Amino acid sequence: MNTAVAAPIASLANDLSKISAANKAFLARTHRLLIDGEWVPAASGKTFDVKDPSSDAVISRVAEGDAADIDRAVAAARHAFDEGEWSKLKPVDRERLLHRLADLIEKHADELAELESIDNGKSVVMARYVDVKHSLEVWRYMAGWPTKIEGKVLPVSGALMPDQQYAAFSMLEPIGVVGAIVAWNFPLVLATWKCAPALAAGCTVVLKPAEETPLTALRLGELIQEAGFPKGVLNIVTGMGPTAGAALSRHPQVDKVTFTGSTEVGRLIVQAAAGNLKKVTVELGGKSPAIVLPDADVDAAIAGTAGAIFFNQGQVCSAGSRLYVARQLFDRVVAGVADAAQSMKLGPGLDASAQINPLVSNIQRERVARYLKEGAAAGARAAAGGRALASPGYYVEPTVFVDVNESMSVVREEIFGPVVVAQPYDDVAEIARVANSTMYGLAASIWGRDVGKIFRLAPKLKAGTVWVNCHNMLDSTMPFGGYKQSGWGREMGGEAVRGYLESKSLCLNITG
Ligand code: NAD
């Protein structure tokens, strides 16, 4: 690993003596699994450690569920869906429960943000005003859906039996039991993106949080209980991917699996789902381009593209990790983004003034460090950063690579860290082809002023979201997901709810 020590190590660790009493008590507990409305230990009795990414210190312990626990959780979700109290609730009652949960999330927003920050390493300010605020908006948005899920009356002609008369309808019904498996970069947000539309649609859920960041999902489980959801509607099994996650994705009693994570594991999920041909949504990786046009507002483009990559330490599926700048602006934009990188204060999540926080795990730091080494060895030059720190916390310097080309792994592969590769271009007509030259297709941003040019370029980009003069702007109303190997399906908006519904045609012979 390339290493450097940029600051006294003590200032890079959270001071946990100052956290809220509620979170102190929460961390001190050994957490159990939520199955059928009860908090139970893993059948194996096993637990695993949760660490603070700023210090590598163990801060909590969580039950390590595996296939046996997934069986129990799926059975509970199956019963709740097929014959439990949930299956008899009216849409308006589902709405009321979802709103009650949203109220509780709002009430505990500060505490949830602090917990997310300690668990993931991210800034407590970002956790409060991005993670928790956005999750709350999604729960509220989805709470409005149960009473708006409508079918259609179909104008059938009955051509096969012309002497008969028919009336036909298409109805939308909940798919059934949903297995939700999520990544660690936005733990509460990702759990929300899955659970909120699934519950709004009337499904029941077994949630498997990422092993690196199980805490806010477990707190969400407590709030779900406090809100009064019937037992078995949301079950939470913490555990490892290859055991608990794999068991959930192949389970024959699960009707749909919804996954957010790497493209590599996404492929395993799709294969595992083939057993009972369960429905699949997979939200996967990205290598999103940020394109600066010749007429861009340079200052706005610098601030915006720096934010596009360094937000959440670059651990964002839609991070603007490839920066393409019109040649005449290239040196100015790169100097600006490099300046921004160099001036960012490194520090732990609970230090509200810190702008770059630790990565989620040592494994992730090592992975990013390997890319930094590979990039440098291949001839990429670091205009800023370039090193992982040797501190106990998992820090990596924000890095801007120039002198890069398509043959380098840092240009082709998703690094999932604070590393951007910057390249100049000469021909606007060519930039869509270059921007699309990746297996991913999650997002892109365009920075410029000429509306005509922007509108001609946007449709050519193979990406599920194209931002103009902004990046990473997400909203509960705006479907989010990928083209190409960035996934199948969409999160948020009505499209997400539709992903948890089956359509049933009902045809009546009404011949008189
Ligand atoms: P990951 O694929 O390693 O893990 C994601 C989840 O899958 C975890 O809960 C893990 O335990 C589980 N898992 C691992 N192996 C499994 C298996 N064999 N069977 C079933 N489940 C298994 O991903 P990660 O490193 O946690 O997250 C980073 C990735 O997530 C990045 O590629 C990022 O782009 C992607 N991501 C995508 C979106 C999106 O909306 N498109 C959002 C956030 C993150």
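The values are calculated or read from the model by the stated rules, or taken from the named source; none is laboratory data. Because the structure is predicted, anything quoted here is derived from the model rather than measured. Positions of Cβ are backbone-derived with ideal geometry, glycine not excepted, and every protein chain shown enters the neighbour counts. Protein only, heavy atoms only, side chains kept; ligands, DNA and RNA dropped before computing areas. Shrake-Rupley method; radii C 1.70, N 1.55, O 1.52, S 1.80 Å.
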One can check that the equivalent ellipsoid of region 214-324, built from the alpha-carbon gyration tensor with semi-axes equal to the square roots of five times its eigenvalues, has lengths in Å, largest first, of 37, 20, 11
Using θ = phi - 60° and the Karplus form 6.51 cos²θ - 1.76 cosθ + 1.60, what ³J(HN,Hα) does each residue of region 12-29 get, whole Hz, x for Gly and Pro? 8, 9, 4, 9, 7, 5, 9, 6, 5, 4, 4, 6, 4, 5, 5, 5, 5, 7
Reachable lysines from residue 279, criterion Cα separation under 22 angstrom, eight or more residues apart if same chain: 194, 208, 256, 484, 504
Amide H of residue 502 versus every other amide H placed in the peptide plane: which residues, excluding those fewer than 5 positions away on the same chain, fall under 5 Å? 173, 175
Could you give the alpha-carbon Rg of region 55-156 over 2.2 N^0.38 Å, rounded to two decimals? 1.47
Placing +1 at every Lys and Arg Cβ and -1 at every Asp and Glu Cβ, with all other atoms neutral, what dipole size does region 37-192 have around its Cα centre, in debye to the nearest 20? 420
Relative contact order computed over the chain (Cα-Cα under 8 Å; 6+ residues apart), in percent: 19
To the nearest 10 square angstrom, how much accessible area does residue 310 have with a 1.4 angstrom probe? 10
Can you find, among 225, 99, 248, the residue sitting farthest towards the positive end of the charge dipole of the chain, where Lys and Arg contribute +1 and Asp and Glu -1 at Cβ? 248
For residue 478, what is the net charge nearby, where nearby means another residue's Cβ is under 12 Å from its Cβ and Lys, Arg count +1, Asp, Glu -1? -3
Over the Cα atoms of region 409-512 the radius of gyration and the largest Cα-Cα distance (Dmax), both in Å, equal 19.1, 73
Within region 353-492, percent of DSSP bridges classed antiparallel, to nearest 5: 40
Given the Cα atoms of region 181-222, and with Rh set as the inverse mean 1/r over their pairs in the Kirkwood sense, what is Rg to Rh to two decimals? 0.95
Tell me, what ³J(HN,Hα) does each residue in region 351-367 have, in order and in whole Hz, if you take phi through Karplus 6.51 cos²θ - 1.76 cosθ + 1.60 with θ = phi - 60° and put x for Gly and Pro? 8, 4, 8, 6, 10, 10, 10, x, 6, 6, 8, 5, 4, 5, 4, 5, 5
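Let me know the volume per residue of the alpha-carbon convex hull for the chain, in Å³.
Here the figure is 156 Å³ per residue.
Calculate how many DSSP beta bridges within the chain are antiparallel, expressed in % of all such bridges and rounded to the nearest 5.
Numbers: 29 of 72 bridges.
Counting only bridges with both partners in the chain, antiparallel ones make up about 40 percent.
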Using the Kirkwood formula over every pair of different C-alpha atoms, what hydrodynamic radius in Å results for region 260-384? 16.9
Taking only the C-alpha atoms, wrap a convex hull around region 373-451 and report its volume per residue in Å³ as a whole number. 131
As a test question: what accessible area, to the nearest 10 Å², does residue 141 have when a 1.4 Å probe is rolled over all protein chains in place? 60
Could you give the semi-axes, largest first, of the ellipsoid that matches region 266-332, computed as the square roots of 5 times the alpha carbon gyration tensor eigenvalues and rounded to whole Å? 37, 12, 8
Could you compute the net charge surrounding residue 237? Neighbours are other residues with a C-beta less than 9 Å from the C-beta of residue 237; K and R count +1, D and E count -1. 0
Residue by residue through region 186-195, the couplings from Karplus 6.51 cos²θ - 1.76 cosθ + 1.60 with θ = phi - 60°, in Hz, x for Gly and Pro, are 9, x, 6, 4, 5, 4, 5, 4, 8, 5
Can you sort 311, 186 by solvent-accessible area, 1.4 Å probe, largest first? 311, 186
Keeping all protein chains in position, work out how much accessible area residue 327 exposes to a 1.4 Å probe, and write it in Å² to the nearest 10. 120
On the protein heavy atoms, probe 1.4 angstrom, tell me the percent of accessible surface of the chain carried by carbon and sulfur. 55
Surrounding net charge for residue 277, when Lys and Arg each add one and Asp and Glu each subtract one, Cβ distance under 14 Å: +2
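Rolling a 1.4 angstrom probe over the protein heavy atoms, how many square angstrom per residue are accessible across the chain?
Accessible surface, normalised per residue, equals 39 Å².
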